[in-house]
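The values are calculated or read from the model by the stated rules, or taken from the named source; none is laboratory data. No experiment lies behind these values; they were computed from the predicted model shown. Please note: Cβ atoms are built from the backbone with ideal geometry, for glycine as well, and neighbour counts cover all protein chains shown.
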Amino acid sequence: MGKTLVPADWAPLTDEEVSLVLGGTRTGAVVTWHSPRPMSAAGLVSWRGASLVVKRHHLSVRTVGQLHAEHAFVGYLRARGLPVPAMVPLHGGLTAVRRGDFSYEAQWVAAGIDLYRDAVSWSPFAALGHARSAGAALARLHRAAEDYAAPARPPGVLISSCAVILATDPVGRVARILARRPGLSRWMARRPWRDDFTGYLLPAIHRAAPLGRTLPRQWGHGDWHPSNLSWTGAGPDARVAGVFDLGLANRTFAVHDLALAIERSTVTWLDLAESGQARADLEAIDALLDGYESVRPLTPAEATALPEVVPVAHVEFALSEVEYFADVTGSAANAELAYDGYLLGHVRWFAAPAGAEVLDHLRRRSGRRPD
């Protein structure tokens with residue numbers, strides 16, 4: 001949630017539990033590295049002479065069924081040549097299993113090097129060449145996923161979607177989501193969320209929704225930023241070697257996924273909490289989009305929609321993050337940060353001069369003049 005390391009929300013993986021999950025015995029696997037990301041328990045594991053990644057999720061965050069839906073998409077992409085690591089069958093033969101209150105999954109380590117492994121969350125690209133390659137890789141994923149017909153995943157904890165930002169009645173849609181998610185509802189009842197949506201979010205949503213509703217639905221990655229990619233090297237011309245962490249993948253639309261990539265990879269959001277200021281790297285935005293369009297040119301409708309979707313692409317995930325902190329981990333401070341700094345803060349930034357410059361830049365790229 002910031003630039004400094006914080007205690008993880010979950011206990012670290014142990015050799016014994018990983019051994020039981022992988023092979024059904026208490027020994028055999030060794031955890032060689034623990035991920036510092038606080039929202040999950042994950043690590044590199046040495047097992048039977050190979051290296052793989054194991055993740056543990058609380059069932060309130062990911063059920064076995066939810067993981068299998070994600071793994072089906074992974075398998076679909078791999079069958080179409082995308083460099084997505086294969087899932088590892090666990091003890092019993094399935095790619096996701098439950099033990100107690102937790103679910104587990106494992107995948108083989110991605111090709112290439114994990115160049116951004118030690119970077120803080122949502123760090124911008126270290127080089128324009130990285131942004132260009134990431135854009136091209138995202139376009140290849142969208143090409144491969146065009147015909148994937150699985151239905152959208154329903155709203156849940158730490159899951160992205162586009163249901164609210166495309167709704168004809170966004171406030172009503174949020175109210176229906178709260179009716180099905182009591183933990184989030186209890187927390188939101190403490191805040192004037194209807195007034196906040198009306199004052200901050202609805203103007204941007206009303207610009208995005210009519211444009212987004214005309215675009216074809218398809219699955220996307222949902223969390224495209226450089227630390228979810230592996231790389232061919234450490235230099236500025238390194239290319240994407242592998243794609244991983246599809247935990248937020250869902251059926252939205254290509255422009256939504258591209259907007260998330262811009263939002264999460266080209267703005268220094270962590271500066272916003274410290275100084276009240278964040279800056280966007282317009283050159284990185286251009287490099288990302290140039291790479292993307294070298295593989296999958298945006299249609300005129302998509303290019304027009306992109307600047308309007310970017311300010312609100314985060315809305316559903318921000319709500320799910322509020323729920324995670326309020327109802328799963330019980331962190332009142334982080335729930336407030338997710339609501340004020342993320343859900344509202346990002347859309348407010350795009351309405352201020354620094355963010356408006358980004359949107360105007362995107363409108364000029366699409367051939368539209370700013371209003």
Single residue of segment 39-52 satisfying the filter (among the hydrophobic types (A, V, I, L, M, F, W, C) and more than 18 Å from the chain's Cα centre (by Cα)) that is surrounded by the fewest Cβ atoms within 10 Å (Cβ to Cβ): Ala50
Contacts under 8 angstrom Cβ, first residue in segment 290-313 being over 13 Å from Gly212 (Cβ atoms), partner among the aromatic types (Phe, Trp, Tyr), 6 or more apart: Leu298/Tyr292
Unmet criterion (only one of (1) in contact with a strand residue (DSSP E or B) (Cβ under 8 Å, 6 or more places away or on another chain); (2) assigned to a loop (DSSP other than H, G, I, E, B); (3) buried (at least 23 other Cβ atoms within 10 Å of the Cβ); (4) modelled with pLDDT of 95 or more) for Ser160: (4)
Residue pairs meeting the criteria (Cβ under 9 Å; at least 6 apart or on separate chains; first over 16 Å from Pro38 (Cα atoms), in segment 111-130; second in a strand (DSSP E or B) and of a type in the set (D, E, K, R)): none
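Is it the case that some residue within segment 75-82 is of a type in the set (D, E, K, R), modelled with pLDDT of 95 or more and not in a loop (DSSP other than H, G, I, E, B)?
Start the filter on segment 75-82 by keeping residues that are of a type in the set (D, E, K, R), which leaves 78, 80.
Filter once more, so that each one left must be modelled with pLDDT of 95 or more: 78, 80.
Restricting the remaining residues to those that are not in a loop (DSSP other than H, G, I, E, B) gives 78.
Yes, segment 75-82 contains a residue that is of a type in the set (D, E, K, R), modelled with pLDDT of 95 or more and not in a loop (DSSP other than H, G, I, E, B).
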Filter result for Pro36 (surrounded by fewer than 17 Cβ atoms within 10 Å (Cβ to Cβ), within 18 Å of the chain's Cα centre (by Cα) and not acidic (Asp, Glu)): yes
Condition check for Leu22: in a strand (DSSP E or B), surrounded by 16 or more Cβ atoms within 10 Å (Cβ to Cβ) and modelled with pLDDT of 95 or more: no
Of all residues making up segment 189-241, the number that are over 20 Å from the mean Cα position of the chain (by Cα), among the aliphatic types (A, V, I, L, M) and more than 27 Å from Ala175 (Cβ to Cβ): 2
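One line per residue, one yes/no per condition, for (1) among the charged types (D, E, K, R); (2) assigned to a strand (DSSP E or B); (3) modelled with pLDDT of 95 or more; (4) over 18 Å from the mean Cα position of the chain (by Cα):
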| residue | (1), (2), (3), (4) |
| --- | --- |
| Pro85 | no, no, yes, no |
| Pro89 | no, no, yes, yes |
| Gly93 | no, no, yes, yes |
| Asp118 | yes, no, no, no |
| Ser121 | no, no, no, no |
Residues of segment 99-126 classified as of a type outside the set (Phe, Trp, Tyr) and buried (at least 16 other Cβ atoms within 10 Å of the Cβ), total: 13
Residue match in segment 184-192 (condition: over 26 Å from Leu272 (Cβ atoms), assigned by TED's automatic domain parsing to the domain that holds Ala284 and either in contact with a helix residue (DSSP H, G or I) (Cβ under 8 Å, 6 or more places away or on another chain) or among the basic types (Lys, Arg) (or both)): yes
In segment 140-184, the residues that are small (Gly, Ala, Ser) and free of Cβ contacts under 8 Å to residues at least 24 places away in the same chain: Ala149, Gly172, Ala175, Ala179
Selection from segment 195-231 of residues that are of a type in the set (A, V, I, L, M) and closer than 22 Å to Gly75 by Cβ: Leu229
Checklist (1) touching a helix residue (DSSP H, G or I) at 6+ places or on another chain (Cβ under 6 Å); (2) in contact (Cβ under 8 Å) with a residue 24 or more places away in the chain; (3) not small (Gly, Ala, Ser) applied to Thr329, failing item: (1)
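Regarding Leu141, is this residue of a type outside the set (Asp, Glu), within 26 Å of Leu44 (Cα to Cα) and assigned to a loop (DSSP other than H, G, I, E, B)? Spell out how you get there, then give the answer.
On the way: of a type outside the set (Asp, Glu): yes; within 26 Å of Leu44 (Cα to Cα): yes; assigned to a loop (DSSP other than H, G, I, E, B): no.
Here the answer is no, as Leu141 does not meet what is asked.
Farther than 27 Å from Glu146 by Cα, modelled with pLDDT of 95 or more and surrounded by fewer than 22 Cβ atoms within 10 Å (Cβ to Cβ): is that true of Ala241 in this structure?
no
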Any chance Ala280 is in contact (Cβ under 8 Å) with a residue 12 or more places away in the chain and over 30 Å from Ala335 (Cβ atoms): no
Tabulated pairs, segment 211-234, first free of Cβ contacts under 8 Å to residues at least 60 places away in the same chain, second of a type outside the set (A, V, I, L, M, F, W, C), C-beta under 6 angstrom, 6+ apart or interchain: Asn228/Asp245
Val31 vs. criteria without any contact (Cβ under 8 Å) to a residue 40 or more places away in the chain, closer than 23 Å to Ala110 by Cβ, β-branched (Val, Ile, Thr) and not in a loop (DSSP other than H, G, I, E, B): yes
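Evaluate segment 330-337: report whether one residue or more is under 19 Å from Cys162 (Cβ atoms), in contact with a Phe, Trp or Tyr (Cβ under 7 Å, 6 or more places away or on another chain), of a type in the set (A, V, I, L, M) and crowded, with 19+ Cβ neighbours inside 10 Å. Spell out the reasoning first.
Kept after step one, since they are under 19 Å from Cys162 (Cβ atoms), are these residues of segment 330-337: none.
So far as segment 330-337 goes, no, none of its residues is under 19 Å from Cys162 (Cβ atoms), in contact with a Phe, Trp or Tyr (Cβ under 7 Å, 6 or more places away or on another chain), of a type in the set (A, V, I, L, M) and crowded, with 19+ Cβ neighbours inside 10 Å.
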